Amino acid sequence: MSAGKTSSRERSRSGRKRAIATGAVAAAVALGVSAGSASASTPGETISVTAQANGFHGLSGGSVLEYWTTGSDGSALPASGAVLIPPGPAPAGGWPIMALDHGTTGLGAGCGSQADPLPWMSPDYRQNEDHLMQHFVSRGFAVVAPDYVGLGRFVTGPHPFLELNSEATATIDLVRAARATYPQLSRTWAAVGGSQGGQAALGTAYRQQTLAPDLDYRGTIALDPASDTEKVLSVAGPGFDLPGATGFAAMIFAGIRATHPEANIDSYLSPTGRDVVDSIATLCDDAIRARVAGLKVGDLLSRPLSDDNIRTVLNDYLAVPTNGYHTPILLLVNATDMVVPSPLHAAIAAELIAGGADVQTITGAGTHTQINPQMWTAIDGFLTQLLEKPVTPE
């Protein structure tokens with residue numbers, strides 16, 4: 001399929017996204033607000049809850065929760081996510097919560113994969129995150145999984161890909177909305193994620209200290225997290241090549257264009273780069289990868305990303321804080337990862353330790369976000385550690 005043509009699968013997904021968006025906006029209007037005037041509502045408030053059939057993420061009793069969160073500019077935006085609660089009566093204090101942040105799925109509405117699992121995803125990708133959800137539910141955690149801003153059931157503009165702050169607020173606000181909706185959930189919670197989700201989970205751990213001090217945050221599991229991306233991009237320019245990274249770079253440029261107009265990202269892009277960024281704002285990951293096939297990161301650029309202006313924006317938008325964490329971190333990394341290269345894993349581990357974080361690192365030799373038996377053992381030990389103190393009710 002050429003980049004300039006639209007497949008029947010893409011047309012079907014586009015129609016589905018329009019239907020999703022229409023239904024979501026109708027739900028907001030029923031509450032007396034609209035997606036375009038979301039600033040009238042409070043982040044963490046529930047818009048609607050829809051029970052799902054058995055088999056949703058391979059479990060029973062799941063729901064889709066639509067809620068208000070905080071966008072890049074600080075205004076309230078509607079968002080969506082999944083909630084999965086263990087069967088049976090809750091234990092004393094309520095079910096602890098595990099917030100699961102997902103990996104890269106694209107930029108457009110309907111691409112989030114949590115409220116509406118995507119059919120184009122490879123079985124390995126979907127099963128990996130579903131397996132995590134199922135495992136945490138089996139261990140007595142309620143799971144909340146945000147779609148992130150722009151990726152769920154509402155059309156709010158392109159998802160600000162790898163923007164740490166809006167990933168964190170989407171996660172924290174879903175925890176608040178789920179707790180307000182389900183009284184059997186406790187104040188005790190943790191976060192987990194792989195790839196983009198690993199970066200989001202670390203950002204959530206950092207931001208919750210100021211955004212949710214009333215909740216009882218216990219720790220973070222980050223699997224092959226995206227990290228130090230701002231440092232890699234700061235050396236990029238015409239001719240730069242990092243195999244497999246062109247789609248990620250294009251999504252970052254689209255996010256910066258949407259959230260940081262003052263950066264004038266178009267002035268750094270080549271005509272090809274501007275055309276690519278124009279064309280991907282509503283696409284999911286599979287279509288984005290098809291669109292950039294054959295292009296290098298440097299083909300998107302007309303000049304280096306090395307001046308102080310853009311470096312500051314890249315840092316504000318992408319950088320994972322490396323100090324100031326007050327809860328433990330389990331870092332799971334694959335030394336043979338070809339998506340987030342191994343040197344970046346080593347760098348984030350060293351930076352977190354140097355910053356005083358309580359970090360346990362388990363290294364594997366699998367593909368990106370693959371979890372080996374040693375990692376599963378570490379995950380279970382970490383969960384036991386998180387629950388050494390009783391969970392805290394309201």
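The values are calculated or read from the model by the stated rules, or taken from the named source; none is laboratory data. This one's a predicted model, so the numbers in the text were calculated from it and none came from an experiment. Using ideal geometry, Cβ is built from the backbone for each residue, glycine included, and neighbour counts are taken over all protein chains shown.
Restricting attention to the range 357-394, the residues that are surrounded by fewer than 17 Cβ atoms within 10 Å (Cβ to Cβ), small (Gly, Ala, Ser) and touching a Ser or Thr at 6+ places or on another chain (Cβ under 9 Å) add up to 2.
Quick grid of which residues meet (1) more than 25 Å from Leu100 (Cβ to Cβ); (2) more than 24 Å from the chain's Cα centre (by Cα):
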site	(1), (2)
Asp278	yes, no
Val292	yes, no
Leu295	yes, yes
Asn309	yes, yes
Tyr325	no, no
Val333	no, no
Ile348	no, no
Ile362	no, no
Thr367	no, no
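For the range 72-101, the set of residues classified as under 21 Å from the mean Cα position of the chain (by Cα) and not in a strand (DSSP E or B) consists of Ser72, Asp73, Gly74, Ser75, Ile85, listed by residue number. When the criteria are applied in full, Val143 fails the requirement of being under 23 Å from Ala212 (Cα atoms) and in a loop (DSSP other than H, G, I, E, B). Take Ala349 and decide whether it is farther than 25 Å from Ile256 by Cβ, outside the structural domain of Ala249 (by TED's automatic domain parsing), surrounded by 13 or more Cβ atoms within 10 Å (Cβ to Cβ) and touching a strand residue (DSSP E or B) at 6+ places or on another chain (Cβ under 9 Å). For Ala349, the condition - farther than 25 Å from Ile256 by Cβ, outside the structural domain of Ala249 (by TED's automatic domain parsing), surrounded by 13 or more Cβ atoms within 10 Å (Cβ to Cβ) and touching a strand residue (DSSP E or B) at 6+ places or on another chain (Cβ under 9 Å) - is met. Only one entry of Ala236, Ala258, Ala250, Ala191 meets the criterion of being in a loop (DSSP other than H, G, I, E, B), touching a residue at least 24 places away in the same chain (Cβ under 8 Å) and either of a type in the set (A, V, I, L, M, F, W, C) or under 28 Å from Glu45 (Cα atoms) (or both), and that entry is Ala236.
Go through the range 272-315 and count every residue that is without any contact (Cβ under 8 Å) to a residue 12 or more places away in the chain and either among the hydrophobic types (A, V, I, L, M, F, W, C) or assigned to a helix (DSSP H, G or I) (or both). Before the answer, list the steps.
Restricting attention to the range 272-315, the residues satisfying the condition of being without any contact (Cβ under 8 Å) to a residue 12 or more places away in the chain are 274-275, 278, 294, 307-308, 312.
Of the ones still in play, those that are also either among the hydrophobic types (A, V, I, L, M, F, W, C) or assigned to a helix (DSSP H, G or I) (or both) are 274-275, 278, 308, 312.
Number satisfying all stated conditions: 5.
When the range 215-240 is filtered for residues that are under 22 Å from Leu301 (Cα atoms) and of a type in the set (Lys, Arg), only Lys231 remains. Screening the candidates Gly74, Gly62 for the property of being modelled with pLDDT under 95 and farther than 22 Å from Glu394 by Cβ yields one hit, Gly74. Residues in the range 110-157 that are at positive phi, modelled with pLDDT of 95 or more and buried (at least 24 other Cβ atoms within 10 Å of the Cβ): 2 in all. Scanning the range 352-375 for residues that are touching a residue at least 40 places away in the same chain (Cβ under 8 Å) and either of a type in the set (Gly, Ala, Ser) or out of contact with any helix residue (DSSP H, G or I) (no Cβ under 8 Å at 6 or more places or on another chain) (or both) yields His368, Met375. No other residue among Ala168, Ala180, Ala200, Ala205 is surrounded by 22 or more Cβ atoms within 10 Å (Cβ to Cβ), part of a helix (DSSP H, G or I) and out of contact with any helix residue (DSSP H, G or I) (no Cβ under 7 Å at 6 or more places or on another chain) apart from Ala205. Here Leu383 passes the criteria (1) touching a Lys or Arg at 6+ places or on another chain (Cβ under 8 Å); (2) under 20 Å from Phe248 (Cβ atoms) except the one numbered (2).
The sole residue among Pro393, Pro343 that is assigned to a loop (DSSP other than H, G, I, E, B) and at negative phi is Pro393.
For the residues Ala245, Ala250, Ala281, Ala254, the requirement of being surrounded by fewer than 21 Cβ atoms within 10 Å (Cβ to Cβ), aliphatic (A, V, I, L, M) and not assigned by TED's automatic domain parsing to the domain that holds Thr169 singles out Ala281.
Asp224 fails exactly one of the following numbered conditions: (1) touching a residue at least 40 places away in the same chain (Cβ under 8 Å); (2) surrounded by fewer than 24 Cβ atoms within 10 Å (Cβ to Cβ). What is the number of that condition? Among (1) touching a residue at least 40 places away in the same chain (Cβ under 8 Å); (2) surrounded by fewer than 24 Cβ atoms within 10 Å (Cβ to Cβ), the lone unmet condition for Asp224 is (2).
May I ask you to list the residues in the range 318-337 that are in contact (Cβ under 8 Å) with a residue 60 or more places away in the chain, in a loop (DSSP other than H, G, I, E, B) and not aromatic (Phe, Trp, Tyr)?
If the condition is that a residue be in contact (Cβ under 8 Å) with a residue 60 or more places away in the chain, in a loop (DSSP other than H, G, I, E, B) and not aromatic (Phe, Trp, Tyr), then Ala319, Val320, Pro321, Gly324, His326, Thr327, Pro328, Asp337 are the ones that fit.
For the range 271-300, the set of residues classified as in contact with a Phe, Trp or Tyr (Cβ under 6 Å, 6 or more places away or on another chain) and either at pLDDT 95 or above or not acidic (Asp, Glu) (or both) consists of Val277, Val297, Gly298, listed by residue number.
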